[in-house]
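Report on one structure; see the data block that follows.
The values are calculated or read from the model by the stated rules, or taken from the named source; none is laboratory data. Since the model is a prediction, treat every value here as computed from it, not as a measurement. Because the Cβ atoms are built from the backbone with ideal geometry, glycine has one as well, and the counts that use them run over all protein chains shown.
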Amino acid sequence: LLYVHKWENFELLKKLETRIVEVVQQKIEDDEGVRCKADADIELEKGSVCLALSTDDRWYRAKILTDLSAGQCGVFFLDYGDREHVSKDNLRPLPRELAELPCQAIECELAYIQPHDKENWKKDSVDAICDLSYYVDGNKKKLFAKVINRRDQNFGIGQKLVVDIYEDSVRFSQELVWRHMAVCAAEESDTIEDLLKKPALKNQLFFNLWDKIPYLCSNIYLCEIHSDAVQQASELRNILSTRYEWWDRNLLQREVMPSVIKVVGYIPDIEAHDILLGCLVSCCVDSDSLTEVAITENFALRLAACMEQVSRPGIQYQAAQAVANLINLKRFSDSLTSNCCLVNVLRQFLFQSNSPVDLEILKCVCSASARLIQVTEDSVCAEFKSAQMIHDIFTLLKQTSSDTEREPWLELLAAIASCESSHKCLMREAHVAAILELLVLCSCGKCLFYLMSVCQFLVQRSRRHKLILLENKLLVILNDLEAGGLRSPSLEVCKQLQAELTLTLPQPENLAGVPVQHATAVEKIVCPSITWSQNCFRLVLNIKVRDAKVEDFFISNSRICCRSIYAGVQSEFDWELYDSISSAQSKVSVYASYSLVSLRKQTEGIWSRLLKQKVKLPNLSLDFEHPYDS
């Protein structure tokens with residue numbers, strides 16, 4: 001038995017559940033809250049319809065199936081089809097207003113098939129039905145049911161429907177038979193097609209090894225003994241691993257590859273399935289023509305179906321690994337433009353909330369998603385680069401406690417950072433702080449490589465990004481990492497990023513044989529510490545730079561810039577001011593260890609902040625010790 005909901009009544013059921021919560025809460029606050037809405041003298045007994053508290057700590061409409069004499073009773077939840085044993089204290093009379101919506105759980109059974117023992121469905125079969133009914137992220141699929149027959153119901157209200165259930169091109173009855181979870185009913189043997197025909201003979205002779213491939217695929221698919229399945233899969237691998245001139249043309253001429261692709265996701269033996277899937281990926285990597293066959297035979301859809309088999313994590317891992325390898329093939333990645341099913345599954349997989357994800361599977365999914373971002377058009381993976389995706393990644397990074405857990409998310413983040421459209425979101429103050437914090441926290445070479453790659457993409461695309469990262473002491477962090485003993489390739493990226501953050505002034509040429517005075521090489525760039533105060537007419541900035549010159553400062557009506565070098569350290573900043581000033585009436589006074597800049601406001605008033613952008617800089621603060629006296 002299974003129970004379904006009508007799609008058009010889904011919102012009504014949600015509203016009913018909300019109202020049940022309100023009614024029960026009212027009962028708690030007012031002892032007469034529920035009973036005033038029901039018949040006051042109703043006594044609950046076997047057959048009564050009531051409210052019952054389920055094991056998930058929520059109240060649902062239920063029908064009492066057994067006597068209440070033992071203090072407990074069996075109940076059937078009318079809107080979902082569950083059965084539980086509930087304490088008598090966890091039952092409430094059903095208010096009339098909550099009885100208006102008809103029972104929503106429609107009792108059904110699948111047409112054309114039956115369990116292997118003709119009576120009881122095994123847990124694997126139930127898990128397979130759940131895999132087919134839900135997306136990877138736990139959301140329900142919209143299914144279609146064709147009513148084949150009607151019978152007397154067992155527990156619900158109304159008739160039991162014998163249905164053929166579909167989801168797009170997937171037919172539940174057929175899928176369960178193909179997955180070895182059910183068999184065709186005796187009278188319906190012609191309604192379910194065989195995935196592969198059973199070999200006519202146990203031992204057959206073949207003109208060449210290529211013709212043996214469909215025979216081996218059938219045996220692997222139908223085999224119930226682990227050792228035999230692995231042996232046949234190994235023989236298949238030996239055939240498909242042979243590489244000589246025209247090897248792929250022979251496979252194409254004999255049209256044997258569809259037989260291999262057809263059984264992906266349906267082989268019961270996990271190890272044999274792994275061997276077969278590895279053969280397929282290897283063939284696609286080594287031959288463009290076989291990649292075309294795989295695309296034509298919907299190999300990507302088969303991989304997506306494997307990743308949706310939540311009850312079989314081994315199959316999920318193998319499929320994720322295969323996708324990560326195939327994304328590198330341009331023809332395969334281009335094909336995802338017209339068929340986004342696999343892309344959608346990858347996205348759902350990253351943020352499923354219904355159950356924890358195996359770390360090895362997550363690594364493969366993040367790796368595949370990262371490569372997908374780098375090699376496909378924006379239209380294919382736009383959601384991977386969205387601000388919501390970036391926010392979710394940083395949220396998940398906060399929940400991690402080790403570099404092993406962080407690594408897949410950082411690989412994905414580095415791929416997103418390669419797209420300029422993501423930089424605005426990545427440069428948010430909280431995200432910049434998180435990146436720099438992780439640079440200090442992480443010790444794994446791969447994690448550091450991905451984090452420095454993110455910074456490198458940001459620095460290369462915008463001088464403003466470079467300035468903000470410098471002000472947040474990125475260069476200091478990089479110097480500490482280099483001194484700590486980075487290894488390749490993290491060391492190379494670190495040095496490249498240091499070079500991009502460090503400004504070396506050009507050396508002047510000798511003129512007419514007269515030796516020149518060489519400028520001091522800049523060893524590092526810093527943003528100086530600055531305090532400021534104001535009155536209604538002026539602003540005063542106290543800038544901590546040594547031996548600066550008046551020429552080191554530039555003041556316009558909306559900006560103030562500084563670039564001063566002392567002892568190999570370049571102090572610089574370039575800020576856009578909150579409001580307009582009069583540059584002609586502003587002045588700079590330089591001293592040995594600091595400089596004072598007085599700015600004349602064009603409009604009287606108190607500024608709420610110094611800078612136009614709402615950015616909190618660690619080196620900028622109000623001068624509370626020396627307020628400007630008006």
Failed item in (1) surrounded by fewer than 18 Cβ atoms within 10 Å (Cβ to Cβ); (2) in a helix (DSSP H, G or I), with Cys447 passing the rest: (1)
Verdict on Ser462 being of a type outside the set (A, V, I, L, M), at pLDDT below 90 and in contact with a helix residue (DSSP H, G or I) (Cβ under 8 Å, 6 or more places away or on another chain): yes
Selection count, segment 370-422, where residues are part of a helix (DSSP H, G or I) and of a type in the set (Ser, Thr, Tyr): 4
Inter-residue pairs, beta-carbon under 7 Å, first more than 18 Å from Leu65 (Cβ to Cβ) and in segment 85-99, second among the small types (Gly, Ala, Ser), 6+ apart: Pro95/Ala38; Arg96/Ala38
Enumeration of residues in segment 396-418 that are of a type in the set (Ser, Thr, Tyr) and surrounded by 14 or more Cβ atoms within 10 Å (Cβ to Cβ): Thr400, Ser418
Strands (runs of 3 or more DSSP E) lying entirely in segment 529-630 (those with 2 or more residues that are in contact with a Ser or Thr (Cβ under 9 Å, 6 or more places away or on another chain) and within 29 Å of Ala433 (Cα to Cα)): 530-534, 538-543, 559-566, 569-576, 620-622
Exclusive hit being under 19 Å from the mean Cα position of the chain (by Cα) and buried (at least 21 other Cβ atoms within 10 Å of the Cβ), set Phe299, Phe349, Phe332: Phe349
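Here's the yes/no breakdown for (1) more than 28 Å from the chain's Cα centre (by Cα); (2) in a loop (DSSP other than H, G, I, E, B):
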{"position": "Asn120", "(1), (2)": "yes, yes"}
{"position": "Asp131", "(1), (2)": "no, no"}
{"position": "Asp137", "(1), (2)": "no, yes"}
{"position": "Asn149", "(1), (2)": "yes, no"}
{"position": "Asn154", "(1), (2)": "yes, yes"}
{"position": "Lys160", "(1), (2)": "yes, no"}
Qualifying residues in segment 237-261 (those that are within 15 Å of Pro214 (Cα to Cα) and of a type in the set (Lys, Arg)) - the one surrounded by the most Cβ atoms within 10 Å (Cβ to Cβ): Arg237
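From the list Ser421, Ser386, pick out the single residue that is surrounded by fewer than 21 Cβ atoms within 10 Å (Cβ to Cβ), of a type in the set (S, T, N, Q), more than 12 Å from the chain's Cα centre (by Cα) and more than 21 Å from Leu448 (Cβ to Cβ).
Among Ser421, Ser386, only Ser421 is surrounded by fewer than 21 Cβ atoms within 10 Å (Cβ to Cβ), of a type in the set (S, T, N, Q), more than 12 Å from the chain's Cα centre (by Cα) and more than 21 Å from Leu448 (Cβ to Cβ).
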Matching residues, segment 209-228, being polar (S, T, N, Q) and without any contact (Cβ under 8 Å) to a residue 12 or more places away in the chain: Ser227
Which listed residue is under 30 Å from Ile106 (Cα atoms), free of Cβ contacts under 8 Å to residues at least 40 places away in the same chain and of a type in the set (S, T, N, Q), from Gln204, Gln174, Gln231: Gln174
Residues satisfying the stated conditions in segment 24-64, i.e. in contact with a Lys or Arg (Cβ under 7 Å, 6 or more places away or on another chain) and at pLDDT 90 or above: Val49, Cys50, Leu51, Ile64
Number of the condition not met by Glu97 [criteria: (1) closer than 25 Å to Ala62 by Cα; (2) surrounded by 15 or more Cβ atoms within 10 Å (Cβ to Cβ)]: (2)
Count - residues of segment 262-274 that are in a helix (DSSP H, G or I) and surrounded by fewer than 21 Cβ atoms within 10 Å (Cβ to Cβ): 4
Sole residue being under 19 Å from the mean Cα position of the chain (by Cα), over 20 Å from Leu359 (Cβ atoms) and not in a loop (DSSP other than H, G, I, E, B), chosen from Ala324, Ala294, Ala319, Ala305: Ala305
All positions within segment 65-82 that are assigned to a strand (DSSP E or B) and modelled with pLDDT under 90: Gln72
Some residue of segment 285-292 being touching a Leu at 6+ places or on another chain (Cβ under 9 Å) and buried (at least 20 other Cβ atoms within 10 Å of the Cβ): yes
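Conditions (1) in contact with a strand residue (DSSP E or B) (Cβ under 7 Å, 6 or more places away or on another chain); (2) surrounded by fewer than 16 Cβ atoms within 10 Å (Cβ to Cβ); (3) on the phi < 0 side of the Ramachandran plot, marked per residue:
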site	(1), (2), (3)
Cys527	yes, no, yes
Ser556	yes, yes, yes
Tyr566	no, yes, yes
Gly605	no, yes, no
Ser621	yes, yes, yes
